[in-house]
There are 2 protein chains.
Amino acid sequence: MTAHQGPVQPTPAATSALRPVALDGVAFAADGFFGRWQRRNATGTLPHCVEQLEVSGALDNLRLVTGEVTGEFRNMWFADSDVHKTLEAAAWQLTSDPGDERLRAFVDTAAELLAKAQGDDGYLNSHYTVVKPERRWQELHYSHELYVGGHLIQAAVAAARAGVGAELVAVARRFADLLVDCFGGPDAPPGIDGHPGVETALVELFRVTGHRPYLDLARRMLDLRGQGLLDGERFGSAYLQDHVPVRRAEEVAGHVVRQLYLLAGVVDVAVETGDEELLDAARRLWDDAFGSKTYLTGAQGSRHRDEAFGDPYELPADRAYGETCAAIASVQWNWRMLLATGESRYADELERALYNAVAGSTSADGTRFFYSNPLHLRTGHDGSHEDAPSQRLPWYSCACCPPNLARLVASLHGYTATTDDTGVQVHLYSAGTVRTEAAEIVTRTNYPWDGRVELDVTGSGPFTLALRVPGWCAEASALVDGVPVDVVPEGGYLRLRRDWSGGATVTLDLAMPVRVVTAHPRVDAVRGCVALARGPLVYCVEQADLPAGVVLEDVRIDPAAAVEPTDLPDVPVALTTRGAVVPPGDDALYRTGTPDSAAAPLRLTAVPYFLWGNRSPGPMRVWIPTTTTG
Amino acid sequence: MTAHQGPVQPTPAATSALRPVALDGVAFAADGFFGRWQRRNATGTLPHCVEQLEVSGALDNLRLVTGEVTGEFRNMWFADSDVHKTLEAAAWQLTSDPGDERLRAFVDTAAELLAKAQGDDGYLNSHYTVVKPERRWQELHYSHELYVGGHLIQAAVAAARAGVGAELVAVARRFADLLVDCFGGPDAPPGIDGHPGVETALVELFRVTGHRPYLDLARRMLDLRGQGLLDGERFGSAYLQDHVPVRRAEEVAGHVVRQLYLLAGVVDVAVETGDEELLDAARRLWDDAFGSKTYLTGAQGSRHRDEAFGDPYELPADRAYGETCAAIASVQWNWRMLLATGESRYADELERALYNAVAGSTSADGTRFFYSNPLHLRTGHDGSHEDAPSQRLPWYSCACCPPNLARLVASLHGYTATTDDTGVQVHLYSAGTVRTEAAEIVTRTNYPWDGRVELDVTGSGPFTLALRVPGWCAEASALVDGVPVDVVPEGGYLRLRRDWSGGATVTLDLAMPVRVVTAHPRVDAVRGCVALARGPLVYCVEQADLPAGVVLEDVRIDPAAAVEPTDLPDVPVALTTRGAVVPPGDDALYRTGTPDSAAAPLRLTAVPYFLWGNRSPGPMRVWIPTTTTG
């Protein structure tokens, strides 16, 4: 039953409150939301990534090392990580589709290439081997050598848990052993990478192998960080979280993906070593990040310049950076926080990021992607830059996001349910089956379009079934075998304690009225605006649904009007409400007094944010000015 | 009378509508606003720049070439331009203070150093000579070689007009002749610089020397631009205005300083060659820039990432880049547009930028500077990056702004008055004297603190005295020798046609009620906010004037309340009005429904934006949310 573990597997000794249900224990129904998403990932995103590894030159870079090809190194100096992330995705996918021979062949071939490209001492990095071998380990603030190695290790961890690619596991262990040799001893030079990521990978490798030096090295890296050991270069020490020790940090700072990957490693080390101080630091930084530096979509990162968090409440909708990888990292960090603590707020933020920022990054066919995920695409936007295109692109010169999506979605069923001594916890709802040693739960639901979740539960005896009542849900009701039960969530979960051996059907109804959302008044960027949300989904207004000639920025919404569901092709639940078009009156950029402008009524339509840009590229906004503000 | 011409001197053949009054013809009174500013520049900013040329290594970089010192090249690869700009400032200053021997010695010594560092062929660039001689002219998209040379030429133009530094003029001519040799012929390779600036310099050198090939080369550079000849590298062709020919451009784009320097050259070439198409392009781009891409302070540049304009109406107050050099360039471009056309709107924007963005960049003592000029510094702002510090800094690793300020302010009297066939035009008011061949005007005023301007006018006969009625002024009145005259501005100017040979006193009263300003409703960033302005000055609220414990972002203003002048130390006219503090109610970043929050009344104080940050570093905002918005 536990043959194929998924990502993040605390050891039995870990202080984690919860343990994930194994990948083998969760299966999404093909017609559910997650089931469709995984299918699209398997047939669209993942094959596209495999193909792009050839097109982009990522595999050829490695073949430069082995001598199979000649030429120049191509694209980013950390492009090996695209290969590793795709391998990780493939490994997870093979747990669901073990018969996919093409995918298996890709894993075997790529692992063989990596083995050939690896140095005798275990070193593996095509850029530093081909372009500047003399700089190995010499510019860790910049080189991404450990970051890339971390993705190699994570691919190997996935391969080991999936029971494929034994050669890949051997390669990663040789690399990890080299890291321990070079940077693990008390007198070793401080080996920390400008881009975190290897820390969590080392803990996961420890979990797979039981080899304690990997965990010790990860912990050492965390404790060395924040002492200004790295060259801060252009963006300063905070950019790479080397400005303050993580145990003392009060605020998230710098490059968002780096910060969040680091925090994933922090939680992993904390639970495996019982380090409450580390976990407290993670809680503190979480409060900061989600208290004043997170978009309504769960996206994070307000600044394009250094892909960084902004000041508190600096959350511009149009210049939201919201890197896809950051949203993925947020899912990973929140999942670790949830496992460590059992607290539902982490599941709430995981869900927010997953259904909005992460889901919105990918096109309906799974082969085009946003790297940045703004909440407002302006009329007249110049989309010529890769950092802020007007529509999803098939690949990027820095291609971190697409294979990152592939690995997350291929293992998504590993992020939905957990167990503890009391029983089973269901955190995310999708049609499908959850099986643990003690229980089987068959779920029928049209979530997130509908808040009704029906669960057929059987078990070998008494246990507590904990069903998450999302933070967005103000009114939940439940039946067990048709009999109402009081819904008094404890810690965000409806906890049903009973003997399930006879089987029972639980019906959970999470009321999903449309919510008219406002932001904290210090979020200046969206003052006088509201956003529409329903269930876990944030909505947006797209140019595609406006009458010809209407400028999106002139649209207003009546915040007091009723919002109704409406039908649109390919949009299961769209929304419609009363709005207006208010032309600017005159062209003056600054005025004294208010120019006359006659508001024209408008029937306003909103679609789920994650579906934006699939019908036509064009202006879009999540936050809509109200008719009462002007 | 015209011995010392100032910056921008159209030739007699130029199609300019107006001609600047010579530097010798304008003297600011020592106790007027501009007089004090120039004095501070002469005693504070300029000596500070001269000193920093040594401290920063900019002069030592040139001494590396001559062999006077050994070591490494320091700071930016275009740091020679810091020397050139300081030389230009010194030359202008010497027209006002010809007896300043230390300054004269600086000019002579630096000019001698430049002459020694110059190659036999005329090439002069310490970085390329010392660090990568083999790359000379090989990477013009990046090298700034022509940009740096442009500042050398502008220094020489100033020196020539000031009658100092003959050696400097010779150096610059040798460099310019080399440019003509290398890039001037019809079969020459396309020599255009990723950073414009040399174009306007070449036209000015043509004006000084009458040597037509300089003008022809400038025109050639303009026409070669926009064909994608330059490597767009990281930020794309639009970043360096190489994405579309300037004659066809519809929108300002890319790096703001580059765009504006280019447009200064466009106007210069247009008027010297009678090229209406070029001038029309400049008009079109002006409409775009000032119609949707300019801050209330006259600052331009919405993006830190690439120091660039944003999309239309993308004008975030907190992340305003508003580079000081861009505001200086705006003054320079608007002055050229004003000369070319005689239209007052250009003077209006020149004044806006000068009194707010430019003036605000410099500390009260003249030795600390902002590089970026935001309109909102947030509570909790991380000011550790040079691109967005919390207070003015004495110097920058990219030190373009301080010496740029020095050269503008030292020549500021060259930007105030003009002549044409009909008479004299006064565009900017400050206590002092304007003398032309036909007229003498002695001005008494406390502008910008007070709108009364008294002018004693004498002349050799009849002419038209044109007095600008600023665009911000809704109500102007005037007396001539105590007798009211109708103020019916023609094209933005009160035009008084009479025989002035007997002398007369004109009293112009520009009413200066406080204006409560709103922005175009498509400027999402300041929705629900107003700003206070009075005369040409924009005001702001600073933490220094708030009661202890009040968070600036919780402050509201009653837009309907009266605004009164009030006294503050070192602030000639502060403002006070009714406001409130509205605590956020709860900490939730996103909410449904409005949390209870009890507004507490607050007497709100605002100070001129240009004075912010002089009392204590701390939060500041120009745009203040209203009590009616929340």
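The values are calculated or read from the model by the stated rules, or taken from the named source; none is laboratory data. Just so you know, these numbers come straight off a predicted model, no measurement behind them. No Cβ is skipped: glycine too gets one built from the backbone with ideal geometry, and neighbour counts run over all protein chains shown.
Things to note:
- Residue match in the stretch A:580-601 (condition: more than 14 Å from chain B (Cβ to nearest Cβ) and surrounded by 18 or more Cβ atoms within 10 Å (Cβ to Cβ)): no
- Residues that are within 14 Å of chain A (Cβ to nearest Cβ), surrounded by fewer than 24 Cβ atoms within 10 Å (Cβ to Cβ) and either touching a Phe, Trp or Tyr at 6+ places or on another chain (Cβ under 9 Å) or in contact (Cβ under 8 Å) with a residue 24 or more places away in the chain (or both) are absent from the stretch B:320-328 altogether.
- Residues satisfying the stated conditions in the stretch A:482-533, i.e. among the hydroxyl-bearing types (Ser, Thr, Tyr) and either more than 14 Å from every other protein chain (Cβ to nearest Cβ) or in contact (Cβ under 8 Å) with a residue 24 or more places away in the chain (or both): A:Tyr493, A:Ser501, A:Thr505, A:Thr507
- Residue list for the stretch B:602-624, restricted to those being among the aliphatic types (A, V, I, L, M) and either surrounded by fewer than 24 Cβ atoms within 10 Å (Cβ to Cβ) or in a strand (DSSP E or B) (or both): B:Leu602, B:Leu604, B:Ala606, B:Val607, B:Leu611, B:Met620, B:Ile624
- Qualifying residue in the stretch A:211-226 (condition: in the same structural domain as A:His84 (by TED's automatic domain parsing) and in contact with a Cys (Cβ under 8 Å, 6 or more places away or on another chain)): no
- Check on A:Ser302, buried (at least 24 other Cβ atoms within 10 Å of the Cβ) and at pLDDT 95 or above: yes
- Just one of the numbered conditions (1) within 14 Å of another protein chain (Cβ to nearest Cβ); (2) under 33 Å from the mean Cα position of the chain (by Cα); (3) of a type outside the set (Phe, Trp, Tyr); (4) part of a strand (DSSP E or B) is not true of B:Pro559: (4).
- Filtered residue count, the stretch B:267-302, keeping only those that are among the small types (Gly, Ala, Ser) and away from chain A (no Cβ under 14 Å): 4
- Annotation: B:Gly380 fulfils all but one of (1) under 27 Å from B:Cys473 (Cα atoms); (2) more than 18 Å from the chain's Cα centre (by Cα); the unmet one is (1).
- B:Glu251 vs. criteria within 28 Å of B:Gly322 (Cα to Cα), at pLDDT 95 or above and surrounded by fewer than 24 Cβ atoms within 10 Å (Cβ to Cβ): yes
- Residue in the stretch A:227-241 that is of a type in the set (Gly, Ala, Ser), away from every other protein chain (no Cβ under 14 Å) and outside any loop (DSSP other than H, G, I, E, B) present: no
- Pairs, first at positive phi in the stretch B:568-585, second surrounded by fewer than 18 Cβ atoms within 10 Å (Cβ to Cβ) and not in a strand (DSSP E or B), C-beta under 7 Å, six or more apart: B:Gly585/B:Pro595; B:Gly585/B:Asp596; B:Gly585/B:Ser597
- Selection from the stretch B:537-554 of residues that are under 27 Å from A:Pro584 (Cβ atoms) and within 13 Å of chain A (Cβ to nearest Cβ): B:Val538, B:Glu553
- The one condition in (1) part of a loop (DSSP other than H, G, I, E, B); (2) within 11 Å of chain A (Cβ to nearest Cβ) that B:Ala249 fails to fulfil: (2)
- Test: residue in the stretch A:254-263 that is basic (Lys, Arg), modelled with pLDDT of 95 or more, in a helix (DSSP H, G or I) and under 19 Å from A:Gly150 (Cα atoms): yes
- Condition check for A:Thr576: of a type in the set (S, T, N, Q), more than 10 Å from every other protein chain (Cβ to nearest Cβ), assigned to a strand (DSSP E or B) and closer than 16 Å to A:Thr605 by Cα: yes
- B:Tyr142 over 20 Å from B:Leu87 (Cβ atoms), under 27 Å from the mean Cα position of the chain (by Cα) and assigned by TED's automatic domain parsing to the domain that holds B:Arg407: yes
- Pairing residues of the stretch B:14-26 that are farther than 17 Å from B:Ala466 by Cα with residues that are of a type in the set (Phe, Trp, Tyr) and not in a loop (DSSP other than H, G, I, E, B), at Cβ distances under 8 Å and at least 6 apart in sequence or on separate chains, gives B:Leu23/B:Trp92.
- Test result for A:Leu124, closer than 20 Å to A:Glu204 by Cβ, in the same structural domain as A:Leu146 (by TED's automatic domain parsing) and not in a helix (DSSP H, G or I): yes
- Test: residue in the stretch A:71-80 that is modelled with pLDDT of 95 or more and in a helix (DSSP H, G or I): yes
- Within the stretch A:454-485, being within 23 Å of A:Leu339 (Cα to Cα) and either hydrophobic (A, V, I, L, M, F, W, C) or out of contact with any strand residue (DSSP E or B) (no Cβ under 9 Å at 6 or more places or on another chain) (or both) holds for A:Leu455, A:Val457, A:Phe463, A:Leu465, A:Ala466, A:Leu467, A:Val469, A:Gly471, A:Trp472, A:Cys473.
- The number of residues in the stretch B:367-394 being part of a loop (DSSP other than H, G, I, E, B), within 14 Å of chain A (Cβ to nearest Cβ) and of a type outside the set (Val, Ile, Thr) comes to 16.
- Residue under evaluation B:Thr505, criteria (1) touching an Asp or Glu at 6+ places or on another chain (Cβ under 7 Å); (2) of a type in the set (Val, Ile, Thr); (3) closer than 30 Å to A:Leu589 by Cβ, criterion not met: (3)
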